[in-house]
Amino acid sequence: MLDLGHTGQKETIIEGYEFEPIKGYPMLNWRGKRPFRSTHFYPAQLKESYGEETDGWMNQIFWGDNLQVMSHLLKKYRGQIDLIYIDPPFDSKADYKKKILLRGKAVSNDGNSFEEKQYTDIWTNDEYLQFIYERMVLLRELLSEKGSILLHCDWRKVHLIRNIFDEIFGASNFMGHIVWRSMTPSGFKGKSKLGKSHDDILYYCKNRNNFTYNPIIIPYSDAYIEERFSKVDENGRRFKDEKIGTATTTQTLDELKADGKIYYTASGTPRIKHYLDESNGYPADDIWSDIYGENSQSTIQTGYPTQKPEALLERIIKMTSNPGDLVFDCFMGSGTTQSVSMKLGRRFLGADINLGAIQTTTKRLIKVSNEIKSKIQDKNYYLGFQVFNVNHYDVFRNPVEAKELLLKALEIEAAPGGGLWDGEKDGRMVKVMPINRIATRADLNAILSNVDLRTYEIRKAEQPNRPVEQITLVCMGHEPDLAARLKAEMGAIGYKVDIEVVDVLRDGSRIEFKRDSEADISIENNQLLIREFYPMNLLQKLSLMREDGGNWKELVESVLIDWNYDGAVLEPTIVDIPEGSTFVRGVYPVPTNYGTIRIKITDVLSESLELTIQPY
């Protein structure tokens, strides 16, 4: 269906994929639908390493836009991933937030806690469908021939996403539509409309003639046992019986008689016995009502919004992969897929654009790895993992807040959410281009697909010699012909526009996007001492004066120390991640063979300060 060719290390070309309707195969169309013809190769920088290789393998998680991450992975992992599970945005028209708590503090007022946006799920017109479509194209190329992909969504877009699946993976490779009852009936609010108690999981494979599937057996409930296994034979064994003509069995009638599994009713009708002690349960179907959603009482609750239960991922991973297989989740969130994969002896890759997701997942994987090592000495577990950045994600720590910071810094009046334009200034409509990467001509498609042509036609009729729109593009680096390209594209459809580009990297040297954290660290009596730590952004959000910050340890999520830093990759031997409401230690014995020391202090906002201390 797709023909991917490589023209070098910098670009992957996608050819031969046009929108050519085929009789009998309906296709989903939307305004601005465009083929995903090529993607650039994006470099990744190894930043942190935890644990050791197993059979030459280290798990990997990536901080970056997953489209760029997958473009990076294509070079090495095309056709190598055995299971993909993704839980992308649902187009829910909402912002998702994580409650930030100070360590050791009860939540009694706004000074002890606040909420920070982790990601926004508000889309302009059909941008959501294009977003999903482009990522599905790359996911299919990464999937192995025996692989499966499961996408988690809900009622909002499931019907449209299934059409995209059929187009890219082929309708014949549809394996099931799983209905997961994520909410109990008691969770319904109000009686004015039909309650919604389930999520949807679409299940496709790469090749229906050769895919991994392991039946999942659901244990019988006590009520089911009492109702169905109600008969008892002369030996006290409980059984249920079925008609011979309808029972499913691999044994012949003579074999069943020899095994004593033919049961005669009072009227002399033969029936087949199914003994309870020979049955583990029934095979799972496409209705899953025995797994409950995450709640505040969960022992593995991370506080990350939309976290999914481990039991759900355990079923999916066991059902569609085998030990040693490679699992990928490019909407990683709290890291449930990676955590369960580690526990089940699978290798994994993961990605997320949100730094909070990377920090949450890293902390979670360190804990899981330590738990497995303390209980099981088995080389069939892949416990080591590495953390990469893709495309130099180091300007904004939280891309969800990046637009707000830019709009405020540039004194732009923000527009209501959900529209094409992000704001307005001096009569110019402002569009903030993708954050933390160079804006390219491909990024202009979102504008071209969503401009209000009816309004432009009216303006053109009223004043044919004037631009129909004055546009300002705000970006972090851009291709030199970006403005000219947009002007030419608009001109090709008959509209004159006035374009200017504000490049923050070039023009915004005085804009302060974030305040760096500070710390007072020293080495005394063969101990590394953290005397004070000042996470400036966190303190500002908490509205605390620097001198009134209290115990700095209340603000710290973790301390990592590499005693022999190589200048590039953090390989910590001190991993101080306190549990519950306890604090980091803040005092660490220095080994005799230490060299260059690298220390990373991460606050409860998931922002980090990294310092290098040279040996004396």
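A crude spin-label estimate for the pair T269 and I493, with each label 7 Å from Cα along the Cβ direction, gives 6.9 nm. Other residues lying with their Cβ under 15 Å from the Cβ of H159 contribute a combined charge of -3, Lys and Arg counting +1, Asp and Glu -1.
Once backbone amide H atoms are built at 1.01 Å from N, G79 has L142, L143 as its partners under 5 Å, excluding neighbours fewer than 5 places away on the same chain.
The modelled label-to-label distance for the pair Y616/A171, using points 7 Å beyond Cα in the direction of Cβ, is 7.5 nm.
Under the classification rounded if a/c is under 1.5, otherwise prolate if a/b is larger than b/c and oblate if not, where does the range 518-613 fall, given a ≥ b ≥ c as square roots of the Cα gyration tensor eigenvalues? Please report the intermediate quantities before stating the final value.
Numbers: a/c = 1.86, a/b = 1.75, b/c = 1.06.
Because a/c hits 1.5 or more and a/b exceeds b/c, the range 518-613 counts as prolate.
Taking other Cβ atoms within 10 Å as a rough exposure proxy, V179, V232, V556 sort from fewest to most as V232, V179, V556. Label positions at K425 and A258, each projected 7 Å from the Cα along the C-beta direction, are separated by 8.6 nm. The charge dipole of the range 518-613, taken about the Cα centre with unit charges on the Cβ atoms of Lys, Arg (+1) and Asp, Glu (-1), comes to about 60 debye, rounded to the nearest 20. With the cut-off at under 19 Å, measuring from each backbone N in the range 577-602 to a point 7 Å along the Cα-to-Cβ line of E524 picks out 585-591. Phi angles across the range 553-564 convert, under the Karplus curve 6.51 cos²θ - 1.76 cosθ + 1.60 with θ = phi - 60°, into 3J(HN,Hα) values of 5, 5, 9, 10, 8, 6, 10, 10, 9, 10, 7, 9 Hz, Gly and Pro given as x.
Evaluating 6.51 cos²θ - 1.76 cosθ + 1.60 at θ = phi - 60° for every residue in the range 322-336, the Karplus couplings come out as 10, x, x, 5, 9, 10, 9, 9, 9, 10, 5, x, 7, x, 5 Hz, glycine and proline recorded as x.
When the range 399-507 is described by a simple charge dipole with +1 on each Lys and Arg Cβ and -1 on each Asp and Glu Cβ, the residue from T455, I471, V504 located farthest towards its positive end is T455.
State to the nearest 20 debye the size of the charge dipole of the range 119-170 about its Cα centre, where the only charges are +1 on K and R beta carbons and -1 on D and E beta carbons.
Numbers: 6 positive and 9 negative charges, 36 e Å.
With Lys and Arg at +1 and Asp and Glu at -1, about 180 debye.
Within a Cβ distance under 15 Å of S289, other residues only, what is the Lys/Arg minus Asp/Glu net charge? Summing Lys and Arg as +1 and Asp and Glu as -1 gives -2. Note: relative contact order over the range 399-507, using C-alpha pairs below 8 Å and six or more positions apart, is 24 percent. Applying a threshold of 20 Å to the alpha-carbon distances of K33/K308; K343/K367; K99/K541; K408/K487; K97/K403 flags K33/K308; K408/K487 as lying beyond it.
Summing Cβ point charges (Lys, Arg +1; Asp, Glu -1) relative to the Cα centre of the range 399-507 gives a dipole of roughly 280 debye. Computing FRET efficiency as 1/(1 + (r/R0)^6) for K76 and N322, where r is the C-beta to C-beta distance and R0 is 22 Å, gives about 0.55. Rounded to 0.05, the FRET efficiency of the D566 and A94 pair, given R0 = 25 Å and the Cβ-Cβ distance, is 0.05. Net charge of the neighbourhood of C205, taken over other residues with C-beta under 10 Å away and scored Lys/Arg +1, Asp/Glu -1, is +2. Based on the alpha-carbon gyration tensor of the range 419-511 and its eigenvalue square roots a ≥ b ≥ c, which shape applies: rounded if a/c is under 1.5, prolate if not and a/b is larger than b/c, or oblate? Prolate, because a/c is 1.5 or more and a/b exceeds b/c.
Figure the gain on full extension for E53 and R506 (residue separation times 0.36 nm, minus the Cα-Cα span) and round it to one decimal in nm. Don't skip to the answer; put the middle values down first.
Details: separation 453, 0.36 × 453 = 163.08 nm, distance 4.20 nm.
Length gained, E53 through R506: 158.9 nm.
Our coupling estimate for the range 226-239, obtained by passing each phi through the Karplus curve with A = 6.51, B = -1.76, C = 1.60 and θ = phi - 60°, is 5, 7, 9, 9, 8, 9, 10, 8, 5, 9, x, 8, 7, 8 Hz, Gly and Pro reported as x. Multiplying the residue separation of N214 and N445 by 0.36 nm and removing their Cα-Cα distance gives an extension gain of 78.9 nm.
Every number in this text was worked out from the coordinates using simple rules, so none of it is lab data. All of these numbers come straight from a predicted model, not from anything done at the bench. Here Cβ is always computed from backbone atoms with ideal geometry, including for glycine, and neighbour counts include all displayed protein chains.
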